[in-house]
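The values are calculated or read from the model by the stated rules, or taken from the named source; none is laboratory data. The structure displayed is predicted, hence computed values, not measured ones. Every residue, glycine as well, gets a Cβ built from its backbone with ideal geometry; the counts of neighbours run over all protein chains shown. Just so you know, the surface numbers come from the protein's heavy atoms only, side chains and all, with ligands and any DNA or RNA stripped out. Shrake-Rupley method; radii C 1.70, N 1.55, O 1.52, S 1.80 Å.
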Amino acid sequence: MLVNGKWTTDWQPVQAKDEKGGFVRQTSSFRNWVTPDGSAGPTGEGGFKAEAGRYHLYVALTCPWASRTLIGRKLKKLEDVISVSVVEPALTEQGWRFGDYPGADRDELNGATYMHEIYPRADPVFSGRATVPVLWDKQRGTIVNNESADILRMLNSGLGDLADPSVDFYPAHLAVEIDALNARIYPALNNGVYQAGFATTQIAYEEACAEVFDMLEALESQLGDGRDFLLGDRFTEADIRLFVTLVRFDVAYHGLFKTNRKRIADYPGLSAYQARILAIPGVSETVSIDHIKRGYYSIKALNPSGIVPVGPELPHLHADRNLSAEDRR
């Protein structure tokens, strides 16, 4: 963890907890927006104009929040506009590290060894965890934003003519419904699996686990009417946010986080839905089951031995993939 810009203590999965012993997630600190004309976005300051080659994403293939942004970048055809660096999957005592693990990168842009070295470049007195994703401005040498929900929306509409206009994850006529879905799914499932996995009391774990499976049952029922996606035949931001949790569930959360009442494979509707999203051209290229398993099972507080399970295989993902060098450039 960084305190006043200096690394002080070894990485820990739980930095804060509530009165019941439940996991409390750190709030994102950098909330500026890239916009077509450089004007200020919903939060933060202005000056971050959409320009090809100006911005860079730091991501982990392990991390669902970072994977949201990789899917957005891929489907909006922004590979030649925004470059990417991928950290190694295993969390070290100093958090995310750059390196030579297959599918990972060295930090050629800033020359950092660890992700925590990037944050003080933007704020010399930053205190907190050095999380991913990070959207970096090469021109100003600073972090634009480290909140995945913001970055996904920037990729959708903030790059203007640089992005594919035929794809819109957040259409205006569905905005209210998308926001309502996100507000339901995030606390119960996206973050709920972490609240179960990192709970420090039995009651906090059981409450979180119950919410996870209540939400999975509700989603299974919602998809049971034959719709392709959460809001019918339109693939939206809400689907991206749900998918990145589903694709990690059986291979990581079910075992390591003890959310083991059922698997996604036990839900016919959710399994078929996951397969449909994986079949969207480009999506499977953002998924690395190897990075996911090696990343989660490197959390010593939950898996002291560091042993990575050999299974399960993920149906419909025929081969483990990493972002190509061309995609990351």
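Below, the figures for the structure above:
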{"quantity": "Among (1) surrounded by fewer than 20 Cβ atoms within 10 Å (Cβ to Cβ); (2) under 18 Å from the mean Cα position of the chain (by Cα); (3) acidic (Asp, Glu), the one test that residue 88 misses", "calculated": "(1)"}
{"quantity": "Flag if residue 127 is out of contact with any strand residue (DSSP E or B) (no Cβ under 8 Å at 6 or more places or on another chain), of a type outside the set (A, V, I, L, M, F, W, C) and either modelled with pLDDT of 95 or more or under 27 Å from residue 186 (Cβ atoms) (or both)", "calculated": "no"}
{"quantity": "Subset of segment 131-181 [under 12 Å from residue 118 (Cβ atoms), under 21 Å from the mean Cα position of the chain (by Cα) and open to solvent by 20 Å² or more (accessible area, probe 1.4 Å)]", "calculated": "131, 142"}
{"quantity": "Scan of segment 279-298 for residues that are part of a helix (DSSP H, G or I), among the hydrophobic types (A, V, I, L, M, F, W, C) and open to solvent by 10 Å² or more (accessible area, probe 1.4 Å), ordered by number", "calculated": "289"}
{"quantity": "Given (1) among the polar types (S, T, N, Q); (2) part of a helix (DSSP H, G or I); (3) open to solvent by less than 10 Å² (accessible area, probe 1.4 Å), index of the condition residue 221 fails", "calculated": "(3)"}
{"quantity": "Single residue of segment 91-106 satisfying the filter (in contact with a Phe, Trp or Tyr (Cβ under 9 Å, 6 or more places away or on another chain) and over 15 Å from residue 66 (Cβ atoms)) that is modelled with the highest pLDDT", "calculated": "106"}
{"quantity": "Count of segment 235-261 residues which are outside any helix (DSSP H, G or I) and in contact with a helix residue (DSSP H, G or I) (Cβ under 7 Å, 6 or more places away or on another chain)", "calculated": "6"}
{"quantity": "Yes/no for residue 66 being among the aliphatic types (A, V, I, L, M), assigned to a loop (DSSP other than H, G, I, E, B) and touching a residue at least 12 places away in the same chain (Cβ under 8 Å)", "calculated": "no"}
